[in-house]
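**Q** Can you keep this structure in mind? I'll have questions shortly.
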Amino acid sequence: MSAVSLSVLIVTYNAGRDIATCLELLASSRIDRPYEVILVDNASTDGTPERVAKAFPWVRVIAERTNHGFAGGNAVALEHARGEAILLLNPDAFLRDPEALTGLLAHLDAHPDVGAVGPRLTFPDGTHQVGDAGYEPRPLSILVHAAGLSGRLGRRGLYLASRQARGTGALDVDWICGACLLLRRSAIAAIGGLHSPMFLYGEDVDWGCRLRDAGWRVAYLPGIAVLHLQGGSGGTRSPRWLDGLATIYSLRNAGRRLSSPAFFSAPLRLGFTLRALAYGFAARLRGQPDLARKAEDMRRFASHLRSLRL
């Protein structure tokens, strides 16, 4: 059996056409080392594992009868992985730049204290996708994000703001979005693997914060861009990402001042409500449907937080 330096792990659930695009672009990427691709399918009902096995025979397909969630599916894939570098790649994350993966690997190679590295994620129109990296969910980072102050005067919010995701220099962060996340195997071992208390959403925040706890750096490379459709198996603009984040907030702040779950939800709810009003006003003023959609998203997020039980 030939040596493998990189293992690409993909977890699917009713991935539709996205997975074919993902694998085609991965295959056309310039990767400077031997690699393998392991796809774990979480009991899809749309024929995803059969289609992949037929169209991409170089991919190792593991068809599960149970939906293990994102973390659980990656944990299954990791059991079969042979690489020292582990890339987690969503089926709706597209490596349009053939040099993107090489750039991530080069950074990991050059910085032995970095346990994880990730790119800037973008929407199809090329704009920055807020939520691709950020800082530990603490009371202050929640407040900074809710107030829209991320990146202003050096303030660190829950998410990197678009103003922070510019340039080419690496940024030290606390976590990277799992849609495209390159990890060092020894770093994964240091945190006990890829298991997480979250089923879907928030696992990447959990992994990144635990890597930092274990002494590893987490690096964000804004000069490397990867397209992420966002939504995929979880549904576009779903508010369920707040559920995982709330769980992480409770776990990371247990026993600390201002650790009440209400302190998590109240500032965010207020922030979403104010943004919904601002987007709605701007949509009426400018007649732009995309702003109206953003306003509806903000209202949906605020409503979800009101019903959230922590």
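The values are calculated or read from the model by the stated rules, or taken from the named source; none is laboratory data. For clarity, every value in this text was computed on a predicted model and none was experimentally measured. Here the Cβ positions follow ideal geometry from the backbone for every residue, glycine too, while neighbour counts run over all protein chains shown. The accessibility values were calculated without ligands, DNA or RNA, using every heavy atom of the protein model including side chains. Shrake-Rupley method; radii C 1.70, N 1.55, O 1.52, S 1.80 Å.
**Q** Please find, within the stretch 8-26, the residue that is surrounded by the fewest Cβ atoms within 10 Å (Cβ to Cβ) out of those that are of a type in the set (Gly, Ala, Ser) and at pLDDT below 95.
**A** Applying the first criterion (of a type in the set (Gly, Ala, Ser)) to the stretch 8-26 yields 15-16, 20.
Pick out the ones that are also at pLDDT below 95 and you get 15-16.
Values: 15: 27, 16: 17.
Of everything passing the filter in the stretch 8-26, 16 is surrounded by the fewest Cβ atoms within 10 Å (Cβ to Cβ).
**Q** Go through 269, 275, 252 for me and flag whichever is touching a residue at least 40 places away in the same chain (Cβ under 8 Å), farther than 26 Å from residue 126 by Cα, surrounded by 15 or more Cβ atoms within 10 Å (Cβ to Cβ) and among the basic types (Lys, Arg). Spell out how you get there, then give the answer.
**A** Numbers: 269 fails: touching a residue at least 40 places away in the same chain (Cβ under 8 Å); 275 fails: farther than 26 Å from residue 126 by Cα.
Just one listed residue meets the conditions, 252.
**Q** Can I ask one more? For the stretch 45-64, check the following and say yes or no: at least one residue is in contact with a Lys or Arg (Cβ under 8 Å, 6 or more places away or on another chain), part of a strand (DSSP E or B) and surrounded by 20 or more Cβ atoms within 10 Å (Cβ to Cβ).
**A** To start, the set of residues in the stretch 45-64 that are in contact with a Lys or Arg (Cβ under 8 Å, 6 or more places away or on another chain) comprises none.
No; the residues of the stretch 45-64 include none that is in contact with a Lys or Arg (Cβ under 8 Å, 6 or more places away or on another chain), part of a strand (DSSP E or B) and surrounded by 20 or more Cβ atoms within 10 Å (Cβ to Cβ).
**Q** Still on this model: Could you run through the stretch 89-131 and say how many residues are of a type outside the set (Ser, Thr, Tyr), at pLDDT 95 or above, under 29 Å from residue 142 (Cα atoms) and in a strand (DSSP E or B)?
**A** Qualifying residue count for the region: 10.
**Q** Of all residues in the stretch 27-44, which are of a type in the set (Val, Ile, Thr) and either in contact with a Cys (Cβ under 8 Å, 6 or more places away or on another chain) or open to solvent by less than 30 Å² (accessible area, probe 1.4 Å) (or both)?
**A** First, the residues of the stretch 27-44 that are of a type in the set (Val, Ile, Thr): 31, 37-38, 40.
Across the stretch 27-44, the qualifying residues are 37, 38, 40.
**Q** Moving on to the next point. Mind listing whichever residues of the stretch 278-310 are open to solvent by 100 Å² or more (accessible area, probe 1.4 Å), closer than 19 Å to residue 238 by Cα and modelled with pLDDT of 85 or more? Write out each step before concluding.
**A** Taking the stretch 278-310 as the starting set, the residues that turn out to be open to solvent by 100 Å² or more (accessible area, probe 1.4 Å) are 281, 284-286, 293, 299, 306, 309.
Narrowing further to those that are closer than 19 Å to residue 238 by Cα: 293, 299, 306, 309.
Once the filter is applied, which keeps residues that are open to solvent by 100 Å² or more (accessible area, probe 1.4 Å), closer than 19 Å to residue 238 by Cα and modelled with pLDDT of 85 or more, the stretch 278-310 yields 293, 299.
**Q** Which one is modelled with the highest pLDDT, of the residues in the stretch 147-195 that are among the polar types (S, T, N, Q) and open to solvent by 20 Å² or more (accessible area, probe 1.4 Å)?
**A** Start the filter on the stretch 147-195 by keeping residues that are among the polar types (S, T, N, Q), which leaves 150, 162, 164, 168, 186.
Imposing the further condition that a residue be open to solvent by 20 Å² or more (accessible area, probe 1.4 Å) reduces the set to 162, 164, 168, 186.
Numbers: 162: 87, 164: 87, 168: 84, 186: 97.
The residue in question is 186.
**Q** Do we find that residue 169 is closer than 30 Å to residue 80 by Cα, of a type in the set (Gly, Ala, Ser), out of contact with any strand residue (DSSP E or B) (no Cβ under 7 Å at 6 or more places or on another chain) and not in a helix (DSSP H, G or I) in this structure?
**A** Details: closer than 30 Å to residue 80 by Cα: no; of a type in the set (Gly, Ala, Ser): yes; out of contact with any strand residue (DSSP E or B) (no Cβ under 7 Å at 6 or more places or on another chain): yes; not in a helix (DSSP H, G or I): yes.
Spelling it out, it is not the case that residue 169 is closer than 30 Å to residue 80 by Cα, of a type in the set (Gly, Ala, Ser), out of contact with any strand residue (DSSP E or B) (no Cβ under 7 Å at 6 or more places or on another chain) and not in a helix (DSSP H, G or I).
**Q** Check residue 128 against each of (1) free of Cβ contacts under 8 Å to residues at least 40 places away in the same chain; (2) surrounded by fewer than 19 Cβ atoms within 10 Å (Cβ to Cβ) and name the one condition it does not meet.
**A** Tallying (1) free of Cβ contacts under 8 Å to residues at least 40 places away in the same chain; (2) surrounded by fewer than 19 Cβ atoms within 10 Å (Cβ to Cβ), residue 128 fails exactly one: (2).
**Q** Something else about it: Yes or no: residue 86 touching a helix residue (DSSP H, G or I) at 6+ places or on another chain (Cβ under 8 Å), buried (at least 23 other Cβ atoms within 10 Å of the Cβ), assigned to a strand (DSSP E or B) and of a type in the set (A, V, I, L, M)? First the steps, then the outcome.
**A** Working: touching a helix residue (DSSP H, G or I) at 6+ places or on another chain (Cβ under 8 Å): yes; buried (at least 23 other Cβ atoms within 10 Å of the Cβ): yes; assigned to a strand (DSSP E or B): yes; of a type in the set (A, V, I, L, M): yes.
Judged against the criteria, residue 86 is a match.
**Q** Go through 217, 240 for me and flag whichever is touching a residue at least 12 places away in the same chain (Cβ under 8 Å), closer than 22 Å to residue 140 by Cα and surrounded by fewer than 20 Cβ atoms within 10 Å (Cβ to Cβ). Before the answer, list the steps.
**A** Numbers: 240 fails: closer than 22 Å to residue 140 by Cα.
Just one listed residue meets the conditions, 217.
**Q** On to the next question. Assigned to a loop (DSSP other than H, G, I, E, B) and among the basic types (Lys, Arg) - does that describe any residue in the stretch 25-38?
**A** Quick first cut of the stretch 25-38, residues assigned to a loop (DSSP other than H, G, I, E, B) only: 28-34.
Those left that are additionally among the basic types (Lys, Arg): 30, 33.
There is at least one residue in the stretch 25-38 that is assigned to a loop (DSSP other than H, G, I, E, B) and among the basic types (Lys, Arg).
**Q** Still on this structure, please answer the following. Taking the criterion of being within 22 Å of residue 203 (Cα to Cα) and open to solvent by 30 Å² or more (accessible area, probe 1.4 Å), would at least one residue in the stretch 97-108 satisfy it?
**A** No: zero hits.
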